[in-house]
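What follows is a short report on a single structure.
What follows draws every value from the coordinates through simple rules; no lab data is involved. All of these numbers come straight from a predicted model, not from anything done at the bench. No Cβ is skipped: glycine too gets one built from the backbone with ideal geometry, and neighbour counts run over all protein chains shown.
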Amino acid sequence: MVLAPVLTLMVLGLLFGAGLAFASRVLSVKRDERIEAIEAMLPGANCGACGFASCGSFSEAVVGGEAPTTGCIVANSEVLAKVAEMVGDGEGNDRSAARKVATVRCRGTVDAAKMRFNYAGVKDCAAIGAIGGGHKECEFGCLGGGSCVDACPFDAIHMGDDGIPVVDASRCTACGKCVAACPRGLIDMVPEGCPVLLLCQAKLGPRDARGICTHACLGCGLCARRCPQDAIVMENYLPVVDFDKCDACGICVQACPVDCLLGPSCPEDKAD
C-alpha cells in the first residue's frame, strides 16, 4: 500500500527533473564570454561612477552596446583599449579629456575660519549643517565632518589636522562619490595640472567676507586686473578663469591678498 505512492512520486520526480534539465539546455540563453572577460579587467570597485550598479552590470551593458567602452573612469587607458578591442570599438579607447581629480574648494581651516560655536557631535556634514546652518560663520565653507572621506571607496581623501579634507591625487579616480557626499557642493572634479584654482566659494564681497575667514575671497578683483592675458573675469564677487587664455604665469596668485588662489607660485602645502 505504501510502496505504490512512493514509486509514483519517484517516477514523477525523475520525469520532472529530466524535463527541467532538457528545458534548461534548450531554452537557456548563453552568456557572452566577453562580459566576464571585461569584468575581470575592470578595477572591481563597484563605485557606480559609470552609471551602473556594479562592474558586472557595466560590462554587460558595454557588450550589449548600451554603454561606452570609456565609461569606467577608474580604468586606465591600457584597460580601456583592451575593452574597446574586445567589443570591436575602434575609437572607444580614445579618451582625450585630461585626467580629473577631486579638489576641495575651501581653505577655511580651524585657524582661518570664524566659529559661531564649538561642535562636538557626530562627524557628519549634513548633521553639522542641520544645527543652525553649521558651526562656521561662513555659510559656504567646509563643515569638516568628513562625509567625503567616508564616501570615498579608494581611500583618496583624509581629514587634515586643520579640519579641511586633503585629496591624494595619486589615489583619486574621479568617481564623484565625494562630490555627491558634500552637502555644500565644495568638491569639484578639475583637470589634473589645472594652472589656477580658486579655493573659495563665498559669494559675499569685501565687507562680509573679511570678517568670516582670513582666506575668504574678498571679491576685490585684483587678480583680474593684474592678469596680463585678461583670462579672469569677476562673477558674483568671485574670479572665473578662462583656461584657454591662462598661461599659468602665477601673477594672479601673487596678487591675491588672502591666499585663496592655488597656482604655480602657491603650492598647496604653503604655510598659512
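Some notes on this structure:
- Summed residue charge, Cβ within 12 Å of residue 219's Cβ, Lys/Arg positive, Asp/Glu negative: +1
- The alpha carbon gyration tensor of the stretch 170-272 gives principal lengths a ≥ b ≥ c with a/c of 1.5 or higher and a/b no greater than b/c, which makes the shape oblate.
- Per-pair calculated FRET efficiency, R0 = 22 Å: residue 99 and residue 155 via Cβ, rounded to 0.05: 0.75
- About its Cα centre, the dipole of the stretch 33-86 is roughly 140 debye, where the only charges are +1 on Lys and Arg Cβ and -1 on Asp and Glu Cβ.
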